[in-house]
Amino acid sequence: MRLASLRVSGAEVLAIVAGDEWVAASDLLPDGARTMADLIDRGPDALETLRRAAGNVVAGQAHSLASAEILAPVPRPGKIVAIGRNYREHATEEGVEPPAAPLVFAKWPTSVVGPGAEIRWDPALTTQVDYEAELAVVIGRRARRIEPVDALAHVFGYTCLNDVSARDLQFGDGQWVRGKSLDTFCPMGPVLVTADEIGDPQDLAISCTVGDERLQEARTSAMYFGIAEIISYCSQSFTLEPGDVIATGTPGGVGVFRKPPRFLADGDRVVVEIERIGRLENVCRHEPAVVAA
């Protein structure tokens, strides 16, 4: 299934998406989950019940996606685990050795926004804002000390993610969390595609376009560490909980390592696209800090 989190009349709504139309899950199952977090918490049986109900949509239940605000599929995850330098071309362009194990860092959940939301930053704080197209994994079952062979059974679904990065803060701080976690620096969406529909997550086309220029293009098969290995590796150190998000790394072509560098600017339109998931589109805006008189 293709699922989305929408804001309708001020309330968050779990929706089933088909083409450019949506149906509220609560219209199909009045006693069922009303938000994505609720559906994930209820477990696999609730997802299967919703899947069966989705085959019984009747006339008048579907609405145009244009009628609602599309939020990030998981609007406020418990945690966002991110993996650095996980594509061969990205490590090569940075001039570093391939990582011996997944390189783990974090993005704060307050950085999450949905498709169509603006990526905003204060130019007095950072002047080196970069794009990073990534496949995001949404965890569906608690994972602690699991083996790679069992890892994909803990995945609820997949979505597009842009790991927006303030490079001057990231490299100036000596660690990455602040530069990766400014408000609006984690666009996700537009939909969450359940794991059964994706099948093999290691064979998807992924790209990033800024304006009319395609700047990143690869396949997820080029990852150093596959999704099953990443989930298992993380679970040896900390618990992955339902609704957590893992950003699995970005291909080569990021702005900071181009010659000359290609950073995002006010008005730039950024599109992350992943095969079988969709297009995540956001516009960049400067947002100078307001200084009290």
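Below are the figures for this structure:
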| quantity | calculated |
| --- | --- |
| Scope the stretch 108-127; condition open to solvent by 60 Å² or more (accessible area, probe 1.4 Å) and assigned to a loop (DSSP other than H, G, I, E, B); matching residues | Trp108, Gly116, Ala124, Leu125, Thr127 |
| Residue within the stretch 255-262 that is aliphatic (A, V, I, L, M), touching a residue at least 40 places away in the same chain (Cβ under 8 Å) and out of contact with any Lys or Arg (no Cβ under 6 Å at 6 or more places or on another chain) present | no |
| Matching entry among Thr250, Thr209 (being closer than 20 Å to Lys107 by Cα and either in a strand (DSSP E or B) or under 16 Å from the mean Cα position of the chain (by Cα) (or both)) | Thr250 |
| Flag for Gly174 being without any contact (Cβ under 8 Å) to a residue 12 or more places away in the chain and farther than 19 Å from Pro77 by Cα | yes |
| Of all residues making up the stretch 64-83, the number that are at pLDDT below 95 and either open to solvent by 70 Å² or more (accessible area, probe 1.4 Å) or within 27 Å of Ala143 (Cβ to Cβ) (or both) | 2 |
| The stretch 177-204, residues that are polar (S, T, N, Q) and within 14 Å of the chain's Cα centre (by Cα) | Ser181, Thr184, Thr194 |
| Verdict on Ala25 being under 25 Å from Gly278 (Cα atoms) and open to solvent by less than 20 Å² (accessible area, probe 1.4 Å) | yes |
| Some residue of the stretch 218-230 being at pLDDT 95 or above, open to solvent by 30 Å² or more (accessible area, probe 1.4 Å) and in a helix (DSSP H, G or I) | yes |
| Helices (runs of 4 or more DSSP H) fully within the stretch 1-96 counting 3 or more residues that are of a type in the set (A, V, I, L, M) | 36-42, 44-53 |
| Boolean, Ala46 is within 20 Å of Val245 (Cβ to Cβ), open to solvent by less than 70 Å² (accessible area, probe 1.4 Å), over 22 Å from the mean Cα position of the chain (by Cα) and at pLDDT 95 or above | yes |
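The values are calculated or read from the model by the stated rules, or taken from the named source; none is laboratory data. It should be emphasised that the depicted structure is a prediction, and the values quoted were computed from it without experimental measurement. Ideal geometry is used to build each Cβ from the backbone, glycine not excepted, and the neighbour counts take in all protein chains shown. What goes into the accessible areas is simple: the full protein's heavy atoms, side chains included, and nothing from ligands, DNA or RNA. Shrake-Rupley method; radii C 1.70, N 1.55, O 1.52, S 1.80 Å.
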